[in-house]
Amino acid sequence: MLASLRLDDADAPVLTLPQWRIEELLRARLSALDPRALRTGTAISGLRESDAGIVMRRTSGEETAECAARIVVAADGVRSGIRSALDLGWRQCRGTAHYVMTDAGEVTDLGARAHLFCAASGIVESFPLPDHRRRWVARVGTPDTADPETLAAIIRERTGIALTAAPQDSASAFTARQHRAARFARGRVVLLGDAAHELSPIGGQGMNLGWIGALRLAPEIRRALRDDRADFRRYERRQQRSAGRARRRARFNMAMGRPVRGPVRGLRDLAARVLGTRPLRGIALRAFTMRGL
């Protein structure tokens with residue numbers, strides 16, 4: 001183990017939840033605000049501006065109908081159909097890596113800390129989840145190394161830790177890529193989250209950047225509805241700057257975790273140890289959790 005970061009600091013705790021639980025909480029809150037708000041299995045297409053705002057086609061199953069909205073927020077992910085339809089661009093940025101992850105029960109007392117294990121063949125990251133479980137993420141050479149036994153062997157070889165038995169379908173592979181849209185808004189349509197910027201999902205980095213964008217966008221939407229004038233340039237500038245900082249942090253994190261040997265590995269390991277020391281631990285934690293964007 002090269003470095004560890006404490007996540008339960010009383011002044012600035014880092015809260016970790018699995019994705020399914022986050023989605024469950026979001027659905028429950030949205031249902032409490034408006035039980036009719038969430039419509040799954042619905043596609044939006046054919047956006048055009050009119051005196052009523054944005055008119056679009058809404059398709060659900062075999063039914064298609066037109067609807068209108070004063071503001072459209074496109075939060076439809078990295079493959080955003082709305083972004084493509086508006087030709088807002090989608091440029092790949094530096095920083096790509098393949099990973100495999102799983103959630104497993106605690107096998108040793110690693111405490112409320114995130115741990116980094118930097119082996120010659122690549123990094124293993126581990127951080128705590130509720131119910132005495134931990135998430136394990138290992139960098140791999142190909143994106144299809146997703147069976148649990150292979151991942152357990154990788155973790156054991158790089159860290160010396162044997163995972164407890166996990167469900168056979170619990171390991172998943174993913175590729176961390178970096179993209180950004182050329183524009184985050186056009187007229188009364190504005191991009192949010194992965195539709196505007198894609199970066200590494202490790203540690204919820206992309207999700208946290210999306211939350212930041214939502215907090216910034218909410219007052220701009222209120223202002224646009226009040227004044228009947230859509231102007232999202234301030235949101236766009238601030239979010240583009242934050243996305244740029246987040247991409248640089250994610251690129252640094254991916255570079256630190258790549259397979260290295262010889263003198264380069266010695267320098268990488270020294271840098272990781274220094275970042276894990278008490279004077280710099282706060283900086284490392286901010287970078288890992290995307291604080292200060």
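The values are calculated or read from the model by the stated rules, or taken from the named source; none is laboratory data. It should be emphasised that the depicted structure is a prediction, and the values quoted were computed from it without experimental measurement. In this analysis, Cβ positions are derived from the backbone assuming ideal geometry, glycine residues included, and neighbour counts consider all displayed protein chains.
General remarks:
- A104 vs. criteria under 30 Å from L217 (Cβ atoms) and either of a type outside the set (K, R) or surrounded by 12 or more Cβ atoms within 10 Å (Cβ to Cβ) (or both): no
- Scanning region 125-144 for residues that are farther than 14 Å from A173 by Cα, of a type outside the set (A, V, I, L, M), in contact with a Ser or Thr (Cβ under 9 Å, 6 or more places away or on another chain) and part of a strand (DSSP E or B) turns up S126, F127, P128, R134.
- The set of residues in region 107-117 being hydrophobic (A, V, I, L, M, F, W, C) and either crowded, with 18+ Cβ neighbours inside 10 Å or in a strand (DSSP E or B) (or both) consists of A114, L116, F117.
- Test: R156 is of a type in the set (K, R), touching a residue at least 24 places away in the same chain (Cβ under 8 Å) and not in a loop (DSSP other than H, G, I, E, B): no
- Filter result for D147 (among the charged types (D, E, K, R) and either without any contact (Cβ under 8 Å) to a residue 60 or more places away in the chain or more than 26 Å from T175 (Cα to Cα) (or both)): yes
- Looking across R186, R139, one residue alone is surrounded by 21 or more Cβ atoms within 10 Å (Cβ to Cβ) and charged (D, E, K, R). It is R139.
- Evaluation of R229 against (1) closer than 20 Å to A69 by Cα; (2) under 26 Å from the mean Cα position of the chain (by Cα); (3) of a type outside the set (V, I, T); (4) not in a helix (DSSP H, G or I) (one fails), failing number: (2)
- Of all the listed residues (G213, G244, G206), the sole one being buried (at least 17 other Cβ atoms within 10 Å of the Cβ), at pLDDT below 95 and part of a helix (DSSP H, G or I) is G206.
- Odd one out for Q239 among (1) surrounded by fewer than 19 Cβ atoms within 10 Å (Cβ to Cβ); (2) in contact with a strand residue (DSSP E or B) (Cβ under 9 Å, 6 or more places away or on another chain); (3) among the polar types (S, T, N, Q): (1)
- For Y99, the criteria (1) hydroxyl-bearing (S, T, Y); (2) surrounded by fewer than 16 Cβ atoms within 10 Å (Cβ to Cβ); (3) not in a loop (DSSP other than H, G, I, E, B) hold in every case but one, which is (2).
- Pairing each residue of region 232-255 that is farther than 17 Å from M207 by Cβ and of a type outside the set (V, I, T) with any residue that is in a helix (DSSP H, G or I) and at pLDDT 90 or above, provided the two are 6+ apart or on different chains, yields C-beta distances under 7 Å for F232/E220; R234/E220; Y235/R216; Y235/L217; Y235/E220; R238/R216.
- Residue under evaluation G53, criteria (1) at negative phi; (2) modelled with pLDDT under 90; (3) not polar (S, T, N, Q), criterion not met: (1)
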